[in-house]
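The values are calculated or read from the model by the stated rules, or taken from the named source; none is laboratory data. Just so we're clear, the structure is a prediction, and the values are computed from it rather than from any experiment. Cβ atoms come from the backbone with ideal geometry, glycine included; neighbour counts cover every protein chain shown.
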Amino acid sequence: MSADSITSGEYIKHHLQNMTFGQHADGSWGLAHSVEEAREMGFWAFHLDSLGWSIALALIFFFVFRSVAKSATTGVPGGLQNFVEMMIEFIDNSVRGSFSSKNDMVAPLALTIFAWVFLMNFMDLIPVDWLPMLAGWIGQTFFGADPHHVYFKVVPSTDPNVTFGLALGVFWLMLYYSVKIKGAGGFFSELAFQPFGKFGMPFNLILEGVSLISKPVSLALRLFGNMYAGETIFILIALMFGGGLLIGTFGGLLQLGWAIFHILIITLQAFIFMTLTIVYLDMAHLEHGH
């Protein structure tokens with residue numbers, strides 16, 4: 001889809017809209033062909049692009065690391081094996097530095113989170129028009145759809161449903177290990193009797209409850225906010241390519257500079273999400289006061 005075939009506002013809205021599948025107002029199920037239709041589908045609608053890319057990137061991570069593990073050699077490692085070993089060592093050092101208890105699940109979880117979130121963020125470096133244009137061409141050629149009504153977002157971490165899904169998974173693990181390690185009574189006492197003692201239980205529950213809930217919310221919103229802002233900037237820069245040779249050339253240089261800087265952002269956001277996950281799980285394993 002070219003930016004000069006529609007208005008700038010329509011172009012931005014198109015690139016920020018997910019491919020939504022759900023129930024229409026007449027009771028039938030199908031894809032939304034406008035932002036209004038997607039909104040009417042409500043909570044139980046599915047973002048097929050976010051789900052599809054999330055699963056595809058997870059499979060890429062799984063098969064690459066599995067193939068390296070199966071073909072690993074004790075001799076001089078190849079380039080890919082060396083890269084994987086460096087990543088594993090980096091994750092191992094991060095876990096050792098932030099997790100004081102013993103749980104064999106934490107390091108594999110940290111590796112999975114870092115690699116998966118990084119791959120989802122990395123999709124932001126693909127030019128914003130390439131894959132949406134391909135999706136529009138496929139929809140028009142094979143299904144007779146108007147390409148302006150074919151929505152296709154390729155960065156899963158710009159979808160709050162994805163980031164909240166990841167954060168809620170971490171939150172469930174926090175609750176699980178808090179109860180498993182401390183017992184239901186011990187976990188409740190942390191919420192009810194700290195920091196003001198047993199006589200301040202109502203205030204303690206409010207304060208500790210807000211603190212507990214804020215952890216997954218901050219995880220999800222931090223990742224979503226940073227990636228959504230980065231994607232929006234790429235879209236705004238892409239509009240410059242329709243403004244003539246001079247503005248388009250400047251837009252190309254600006255896009256290159258932002259892409260180079262964005263490599264740091266996508267890596268940092270994956271690292272922050274992983275590190276906070278390790279820290280939150282460590283807190284779940286510790287008794288109060290340790």
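Yes or no, residue by residue, for (1) in contact with a Cys (Cβ under 6 Å, 6 or more places away or on another chain); (2) farther than 24 Å from Val106 by Cα; (3) of a type outside the set (D, E, K, R):
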residue	(1), (2), (3)
Tyr177	no, no, yes
Lys180	no, no, no
Phe193	no, yes, yes
Phe199	no, yes, yes
Met227	no, yes, yes
Gly242	no, yes, yes
Thr249	no, yes, yes
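One residue alone among Phe241, Phe193, Phe224 is buried (at least 16 other Cβ atoms within 10 Å of the Cβ) and within 15 Å of the chain's Cα centre (by Cα), and that residue is Phe224.
Can you find even one residue in region 227-239 that is in contact with a helix residue (DSSP H, G or I) (Cβ under 6 Å, 6 or more places away or on another chain), free of Cβ contacts under 8 Å to residues at least 24 places away in the same chain and at negative phi? Within region 227-239, one or more residues are in contact with a helix residue (DSSP H, G or I) (Cβ under 6 Å, 6 or more places away or on another chain), free of Cβ contacts under 8 Å to residues at least 24 places away in the same chain and at negative phi.
Scanning region 116-131 for residues that are aromatic (Phe, Trp, Tyr) and buried (at least 23 other Cβ atoms within 10 Å of the Cβ) returns no hits. Of the residues that make up region 124-139, is at least one more than 30 Å from the chain's Cα centre (by Cα), without any contact (Cβ under 8 Å) to a residue 60 or more places away in the chain and farther than 26 Å from Phe261 by Cα? The answer is no, given that none of the residues of region 124-139 is more than 30 Å from the chain's Cα centre (by Cα), without any contact (Cβ under 8 Å) to a residue 60 or more places away in the chain and farther than 26 Å from Phe261 by Cα. Scanning region 197-205 turns up no residue that is of a type outside the set (A, V, I, L, M, F, W, C) and within 30 Å of Ser8 (Cβ to Cβ). Considering only region 140-160, state which residues are hydroxyl-bearing (Ser, Thr, Tyr), in contact (Cβ under 8 Å) with a residue 60 or more places away in the chain and part of a helix (DSSP H, G or I). Correct list: Ser157, Thr158.
Of all residues in region 19-38, exactly one satisfies the criterion of being touching a strand residue (DSSP E or B) at 6+ places or on another chain (Cβ under 9 Å) and charged (D, E, K, R), namely Glu37.
For every residue, the table says whether it meets (1) surrounded by 12 or more Cβ atoms within 10 Å (Cβ to Cβ); (2) within 26 Å of Gly225 (Cβ to Cβ); (3) modelled with pLDDT of 95 or more; (4) out of contact with any Cys (no Cβ under 6 Å at 6 or more places or on another chain).
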position: Ala3; (1), (2), (3), (4): yes, yes, no, yes
position: Ile6; (1), (2), (3), (4): yes, no, no, yes
position: Gly22; (1), (2), (3), (4): yes, yes, yes, yes
position: Asp26; (1), (2), (3), (4): no, no, no, yes
position: His47; (1), (2), (3), (4): yes, yes, yes, yes
position: Gly52; (1), (2), (3), (4): yes, yes, yes, yes
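Table: residues versus (1) more than 27 Å from Thr267 (Cα to Cα); (2) touching a Gly at 6+ places or on another chain (Cβ under 7 Å); (3) hydrophobic (A, V, I, L, M, F, W, C).
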{"residue": "Tyr11", "(1), (2), (3)": "yes, no, no"}
{"residue": "His24", "(1), (2), (3)": "yes, yes, no"}
{"residue": "Gly27", "(1), (2), (3)": "yes, no, no"}
{"residue": "Trp44", "(1), (2), (3)": "yes, yes, yes"}
{"residue": "Ile55", "(1), (2), (3)": "no, no, yes"}
{"residue": "Ile60", "(1), (2), (3)": "no, no, yes"}
{"residue": "Ile88", "(1), (2), (3)": "no, no, yes"}
{"residue": "Gly97", "(1), (2), (3)": "no, no, no"}
{"residue": "Val106", "(1), (2), (3)": "no, no, yes"}
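Can you spot a residue in region 95-113 that is farther than 30 Å from Glu287 by Cα, in contact (Cβ under 8 Å) with a residue 24 or more places away in the chain and not in a helix (DSSP H, G or I)? Within region 95-113, none of the residues are farther than 30 Å from Glu287 by Cα, in contact (Cβ under 8 Å) with a residue 24 or more places away in the chain and not in a helix (DSSP H, G or I).
The residues of region 244-264 that are without any contact (Cβ under 8 Å) to a residue 60 or more places away in the chain and within 19 Å of the chain's Cα centre (by Cα), listed by number, are Phe261, Leu264. Would region 18-27 turn up any residue that is under 19 Å from Pro156 (Cβ atoms) and hydroxyl-bearing (Ser, Thr, Tyr)? So far as region 18-27 goes, yes, one or more of its residues are under 19 Å from Pro156 (Cβ atoms) and hydroxyl-bearing (Ser, Thr, Tyr). Among the residues examined, Tyr151 does not qualify as within 30 Å of Val117 (Cα to Cα), loosely packed, with under 15 Cβ neighbours inside 10 Å and under 29 Å from the mean Cα position of the chain (by Cα).
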